[in-house]
Structure formats: structure tokens, C-alpha cells
Amino acid sequence: MKFVPFFLLAVCAFAADVTGNWVVSQPMNDGTVRKTYFNLKLEGSQASGNIRTGQFNYSVKEITGGPDGYTIQAGLMDGHSERKATYEAKLVGDELHITTRGRNGAPGPEMIAHRAPEGEGAYPKPVPPPALHKVPDNGLVRTPPMGWNSWNKFHGRVDDAAVRGMADAMASNGMKEAGYLYVNIDDTWEGERDAQGNIQSNKKFPDMKALADYVHSKGLKLGIYSSPGPNTCAGYEGSYEHELQDAKTYAAWGIDYLKYDWCSARNLYTDEEMQAVYQKMGDALRAAGRPIVYSLCQYGRADVWKWGPEVGGNLWRTTGDISDRWQSMSGIGFDKQLELTPYARPGHWNDPDMLEIGNGGMSDDEYRTHMSLWSILAAPLLAGNDLRDMSQSIKDILENHEVIAIDQDKLGKEGHRVSKEGDQEIWVRDLAGGAKAVGLFNRGADAAKISVKWADIGEKAPKKVRDLWAHQDVPSHGAEYSATVPSHGVILLRVGK
């Protein structure tokens, strides 16, 4: 009998135990089942395989331990940074009991994995993207779109009742009259595909066509969300290889707006291929037979503002996600839009992300800055709060018709910064008819006096200057205008006609 060293017997036993395709099936409250696949392989001391969970597809880097407890290390390149994942696993009979380890080492909830057929859950191979061509302009949103989006407030808790409630509120509380028209469902509405591959909504949205009809009956429009990858950001069904089929489904439901989020597409395509991938849905929407606003959400990567219109895009995200904090909003609005002015025009808009006004993380002065800056930037105004329960001060901010008129100005020319002295900045936007919007912004911790010289913004002594938050004309004589601006606050002026 040939002698086999003990350490080789251990490796063989270890490989026989852990090698294979494992699946964790987690029923969700919305009727869907979230599946995570652990495809593990050990040859000698070399571990390989992948872990597919939601939008992520991790490569297995190392497996250590034995039947008393395994540690699985995995990682992936996510854009320009590396993501790592650590799992602790233990065999119990024919089950693999798995817990995640957070960045602080704390364990997550236990998951139970069972063996799955080889190849089940494998990540799809990329379909070569199409050759580039120009997708014709759809003629929509000649001024920046206005409406509401579910994500900032509700995340995965959005459902049919919430959307109907938001439509009711918009139609009755002055939002519709102020110009807010789109009621947009973000991620987590998706169900499974039927036998023909048609996307279904999950049980939170029992009848998407009926919901669209209800929203339309209020004089409003309905928006939806998907991804060019196999999964959305929250791990639901994406539109990969179903672009035209999904576009036709949206059209049949009566959808008016699509937010299309890169997410898991990064596992299949490079940033250099991004334009062609977004073009594919642009063509599909055009072929679907219904006017649908096309919102590109890929975090400002690959200089999207240079090619967004070429793929049929009406708006494109210029940065990562906003949060309800001064540092996030001000950093996105003031610092990351400076070079983008030339790329905005009627029907095609730079999108610094949705509004956080009313979600409670900032002061009213900061929210007025948020609204003023987005309006000077000709940005989409998509409220992200609960419209059914707004304080009067938040309602006054979101429904300020004079400020909204700046955002919706038909010239469609984005504003720009003309001066910066420490924490004080002056931004100007040219308006139709020769008027200008002038924002005096104080990013500092204390109130400060800010002065704008008319000559510096190309104005002679204007005959009319109006404070759009005070809703009153202010004296305009002399060569400049000065005002004390509160910490993190703004004075927004309309100068001229």
C-alpha cells in the first residue's frame, strides 16, 4: 500500500467537503427569493471560484481552515477601488452554515447553504456591446424634469400604497402646480421573469399598469428603475439581455421615465464600453412606442456628459450618491459641477442627484442653499422626502415658484461660479430675455457679508433686483449689491428683466 502523507489526506478531505456549488436562498418580504451562490474550488493549496451575491460577483482569493470552521476570503474590483468580503463557514451535515464578517469583524446573520447543480447561478458572460451610433433626440424634458423619487426616504420600503399616496399629495398640496410631475419608483419593485422572459413586479406592486393609470389620472407621470446589468443595486432583476423586452413592457404599463443604474454592469463591461451599453437601452426605448425620459445613472464615470445625448439620454448623473448632510450636498453641488456648464442644454441635463430637502439632516438655510444651487445648475428637481407630511417651511422651499422659475428657465443654460473668496461664492446663471440669476452663497460656519459688483457679472446698474426667498424687490442703485448671508445660507437674486 502506497504511503500518503497526512497533510495530503487533510487537503483531500477539505477539498471534498467544501468544493462545489452552494446556494443560499432567502425569501424576501416582497415575495422574491434572494439567492447567493458560493462556487468554491480547492486544488492542492490553491483556492478559486466566485461568490455571486446581489449586484456583486466576488472572486475567491483564499480558503483556510477545516471542517471545524472555514474562512473564505474574496474580493472584486469595484470601479477604481477594491472591495473585499470575508465569510466564516462550517459544515453541518450536508449544509454549509455561513456568516459574513463586517469590516469591524462583527458577524452578520447566519445563512444556510445547500449544494446546487454545477453551473447554476453562474455569472453570465458579456454580450459584445453594439457599434456606436447616434440615438435620435426623443424631444422630451426641454426644461429639467421635476418630480419625486422614492429612494432617499423609502429605500426598499417603497410600495404601491406609498406611490399612490405620494401622487395624491403632489396633486393636492401645490407640488403639481409648482411643476413637479414625475412620480418615480426607484429600486426594489422588481419580481421574477415569466417563462417568456417578461419582467414582473413583485408583490409590493401587484399591478403596475393599474398604478400607472392611477398616477396618470392625477395629471402626473410614472417613472421606474432598472440596470443594464444582470442585477440592480439592491440585487433585483436587471435588464441585461432583455433591454427591448423590458422597454416594451414599460411602454405597455404606461411608464414615462426610466432611471438606468450601472450597478452590476461593471462586472461585465469596462467604462470604455459604457456608452455602447447605454446606447442599447436608448435604442430600445425609442423602439418601444412610448415617450420615456431616459435618465443615466452611472455616477459621472467615463465623462458621461460628453456622450449622454448620443445614447438618447435626457439626464446623466455627474457624481456618486448624495446624502442628507451638508458636506455631501455642498461638495456635490459646489465642487463637482464646475467644468460641466457647457454640456447642459434643453432636453439634456447634468444631474447632481436627487433633492434631500425635508429629510431632516440639514437646516432650512442649508435646504434653501440646496434648492438655489440646483436651480442655478439647471438640475433636475426630484424631491426625495415624504410629500404627505411636510412642514410649512419645507413646503415653502420646495414650492417656491420664483426659484423654480430659475431652474425651469427656457434658455436652458447652466449657471457657473464667477467668484470665490474663502467660504463665500457667487454663482450666476444667464436667463431667457437677458436677466440673470445670482446666488450669494456662504459655505462658512458664521454669517458673512457678501457683495457682488454688477460689472463683474456683465451688468450695468440694473433697474430691477429681486430677492427670490424674501419675495421682494431690493434696492439696486450703485455699482454693487451687498447682503449678510447666514452660515450655510444663500441670497438668491433675479437681476434685470
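The values are calculated or read from the model by the stated rules, or taken from the named source; none is laboratory data. It should be emphasised that the depicted structure is a prediction, and the values quoted were computed from it without experimental measurement. A quick note on method: Cβ atoms are made from the backbone with ideal geometry, for glycine too, and the neighbour counts reach across all protein chains shown.
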May I ask you to verify whether MET166 is assigned to a helix (DSSP H, G or I), in contact with a helix residue (DSSP H, G or I) (Cβ under 6 Å, 6 or more places away or on another chain) and over 20 Å from THR249 (Cβ atoms)? no
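Yes/no matrix, rows are residues, columns are (1) outside the structural domain of SER59 (by TED's automatic domain parsing); (2) closer than 15 Å to TRP189 by Cβ; (3) of a type outside the set (Asp, Glu); (4) surrounded by 21 or more Cβ atoms within 10 Å (Cβ to Cβ):
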site: GLU241; (1), (2), (3), (4): yes, no, no, no
site: GLN245; (1), (2), (3), (4): yes, no, yes, no
site: TYR250; (1), (2), (3), (4): yes, yes, yes, yes
site: ASP283; (1), (2), (3), (4): yes, no, no, no
Residue tally, condition part of a loop (DSSP other than H, G, I, E, B) and either in contact (Cβ under 8 Å) with a residue 60 or more places away in the chain or buried (at least 19 other Cβ atoms within 10 Å of the Cβ) (or both), over region 40-61: 2
Criterion first (outside the structural domain of LEU381 (by TED's automatic domain parsing), within 35 Å of the chain's Cα centre (by Cα) and without any contact (Cβ under 8 Å) to a residue 40 or more places away in the chain) does ILE491 satisfy it? no
For region 313-347 the number of residues that are in contact with a strand residue (DSSP E or B) (Cβ under 7 Å, 6 or more places away or on another chain) and not small (Gly, Ala, Ser) is 11
When you check GLU192 against the structure, is it in a strand (DSSP E or B) and either exposed (fewer than 15 other Cβ atoms within 10 Å of the Cβ) or over 20 Å from the mean Cα position of the chain (by Cα) (or both), yes or no? yes
Check off (1) in the same structural domain as ASP351 (by TED's automatic domain parsing); (2) assigned to a strand (DSSP E or B) for LYS449 and give me the number that stays unchecked. (1)
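Residues are listed down the side, and each one gets a yes or a no for (1) within 30 Å of GLY156 (Cα to Cα); (2) not hydrophobic (A, V, I, L, M, F, W, C):
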| residue | (1), (2) |
| --- | --- |
| ASN385 | yes, yes |
| VAL403 | no, no |
| ARG417 | no, yes |
| GLY422 | no, yes |
| GLY433 | no, yes |
| ASN442 | no, yes |
| HIS471 | no, yes |
| LEU493 | no, no |
Looking only at region 412-433, decide whether some residue is at pLDDT 95 or above, out of contact with any helix residue (DSSP H, G or I) (no Cβ under 9 Å at 6 or more places or on another chain) and in a loop (DSSP other than H, G, I, E, B). yes
Tell me yes or no: at least one residue of region 209-216 is closer than 25 Å to ILE394 by Cα and crowded, with 23+ Cβ neighbours inside 10 Å. yes
From VAL403, VAL465, grab the single residue that is more than 20 Å from ASP365 (Cβ to Cβ) and in contact with a Phe, Trp or Tyr (Cβ under 9 Å, 6 or more places away or on another chain). VAL465
Matching residues, region 289-333, being more than 26 Å from THR369 (Cα to Cα), touching a residue at least 40 places away in the same chain (Cβ under 8 Å) and not basic (Lys, Arg): GLY289, PRO291, ILE292, VAL293, TYR294, GLY308, PRO309, GLU310, VAL311, GLY312
Only residues that are more than 17 Å from ASN198 (Cα to Cα), assigned to a helix (DSSP H, G or I) and out of contact with any helix residue (DSSP H, G or I) (no Cβ under 6 Å at 6 or more places or on another chain): list them for region 215-264, please. HIS216, SER217, CYS263, SER264
Hey, ASN152 hits all of (1) at pLDDT below 95; (2) in the same structural domain as ALA276 (by TED's automatic domain parsing); (3) not aromatic (Phe, Trp, Tyr) but one; which does it fall short on? (1)
What number of residues within region 98-119 satisfy the criterion of being of a type in the set (D, E, K, R) and outside any loop (DSSP other than H, G, I, E, B)? 2
